[in-house]
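Here's the structure we're looking at; comments come further down.
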Amino acid sequence: MRVQNTMNLNKAQAQNIASVLAEALPYIQRFAGKTIVVKYGGNAMTEEALKNGFARDIVLMKLVGMNPVVVHGGGPQIGNLLTKIGKQSEFIQGMRVTDAETMDIVEMVLGGLVNKEIVNLIHQHGGNAVGLTGKDGDLIRAKKLEMTAFNEDLNAPEIIDLGHVGEVSRINTKVLDMLIQDDFIPVIAPVGVGSDGHSYNINADLVAGKVAEALQAEKLMLLTNTPGLLNKEGELLTGLNAEKVDELIADGTIYGGMLPKIQCALDAVQSGVKSAHIVDGRVEHAVMLEVFTDEGVGTLITSR
């Protein structure tokens, strides 16, 4: 009797696997040969099960013929090292104030520690990855980010100096095209270089969006620590277009830290990327679920 129960359980598991593969097949066929840019950050970067699940998802995408490109953050890791050396982290409007000493830490953590850990995880799960910063192959040309805020005392806007914080002025796709053609998975740290030779710390979401635009990617996926974009009742919103996003910004549904993510996604789809996804990175295999299943696990944004 115990043997019979085990056999029934195995048969049920086999049928479930067959069902999952059947559901995945149309997506594998549709996205074969397509580029998918994934911004990797948040809890997915710090919890072991999620880190390994992410690496397996990326390797699977490559094995079935897709071309994943990973852009990663590393804010918590930067903050931890700054704390260890006794340096206080300072943020203005969500951006880390980055003086010369902090920039050295940013480059060391993003370009070294975090980047190489991701590359190693992908290798452990059977993939071939190459780690890059924006300095490699002149990949990310940057310029200093200009930020202003209204000063009530002056009754006028004033410029805020964030130090070595930048924005993308150009993506050189030659090195990425070469790696993709040779079946490597590019893993990009969001450090750019200016025409003055200075290094710049750039928001990883913004880099991912610009990389997706430059490569004319099929998808841009932004992993975050929320289920996606929620309405005022806390329900997940998906299937949004540019017009609907503008309405949600106007009525206050989209605000705070979600605004730059949504704007990044919107800019990407309005610049030729087929779709953008705000994905819950706290869900194991979130990337696989978003790419290979009917339901997905986040908010889908298209141009129209």
(Q) Considering only residues that are of a type outside the set (Ser, Thr, Tyr), within 19 Å of the chain's Cα centre (by Cα) and assigned to a strand (DSSP E or B), which ones fall in the range 159-190? (A) VAL165, GLY166, GLU167, VAL168, ARG170, ILE171, ILE185, PRO186, VAL187, ILE188, ALA189
Q: Take the residues in the range 87-131 that are at pLDDT below 90 and in a loop (DSSP other than H, G, I, E, B), then tell me which one is most open to solvent (accessible area, probe 1.4 Å).
A: GLN88
(Q) If SER89 satisfies all but one of (1) in contact (Cβ under 8 Å) with a residue 24 or more places away in the chain; (2) more than 21 Å from THR173 (Cα to Cα); (3) in contact with a Gly (Cβ under 7 Å, 6 or more places away or on another chain), what's the number of the condition it fails? (A) (1)
Q. Taking the condition at pLDDT 85 or above, within 16 Å of the chain's Cα centre (by Cα), open to solvent by 10 Å² or more (accessible area, probe 1.4 Å) and of a type in the set (A, V, I, L, M), does LEU289 pass?
A. yes
Q. Name the pairs: first residue in the range 215-240 and within 24 Å of MET45 (Cβ to Cβ), second residue among the aliphatic types (A, V, I, L, M) and assigned to a loop (DSSP other than H, G, I, E, B), Cβ to Cβ under 7 Å, at least 6 apart or on different chains?
A. ALA217/VAL273; LEU220/VAL273; LEU229/ILE254
Q: Check the range 259-267 and report whether any residue there is touching a Ser or Thr at 6+ places or on another chain (Cβ under 9 Å), open to solvent by 10 Å² or more (accessible area, probe 1.4 Å), farther than 14 Å from LYS39 by Cα and without any contact (Cβ under 8 Å) to a residue 12 or more places away in the chain.
A: no
Q: Would you check which residues across the range 111-149 are closer than 14 Å to GLY73 by Cβ and touching a helix residue (DSSP H, G or I) at 6+ places or on another chain (Cβ under 7 Å) and list them?
A: LEU113, VAL114, THR133
(Q) Looking at (1) loosely packed, with under 11 Cβ neighbours inside 10 Å; (2) free of Cβ contacts under 8 Å to residues at least 24 places away in the same chain; (3) closer than 28 Å to ILE140 by Cα, which one does ALA22 not meet, given that it meets all the others? (A) (3)
Q: Report whether or not VAL273 is surrounded by 17 or more Cβ atoms within 10 Å (Cβ to Cβ), free of Cβ contacts under 8 Å to residues at least 24 places away in the same chain and assigned to a loop (DSSP other than H, G, I, E, B).
A: no
Q | Members of the range 212-248 that are assigned to a helix (DSSP H, G or I) and open to solvent by 60 Å² or more (accessible area, probe 1.4 Å) | A | GLU243, LYS244, ASP246, GLU247
Q. For residues in the range 1-57 being assigned to a helix (DSSP H, G or I), in contact with a helix residue (DSSP H, G or I) (Cβ under 9 Å, 6 or more places away or on another chain) and of a type in the set (S, T, N, Q), which is modelled with the lowest pLDDT?
A. ASN43
Q) So which residues in the range 58-86 are in a loop (DSSP other than H, G, I, E, B), closer than 19 Å to VAL114 by Cβ and hydrophobic (A, V, I, L, M, F, W, C)? A) ILE85
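The values are calculated or read from the model by the stated rules, or taken from the named source; none is laboratory data. Remember, predicted model here, so these are calculated numbers, not experimental data. With ideal geometry, Cβ positions are generated from the backbone for all residues, glycine too; neighbour counts draw on all protein chains shown. For accessibility, only protein heavy atoms count, side chains too; no ligands or nucleic acids. Shrake-Rupley method; radii C 1.70, N 1.55, O 1.52, S 1.80 Å.
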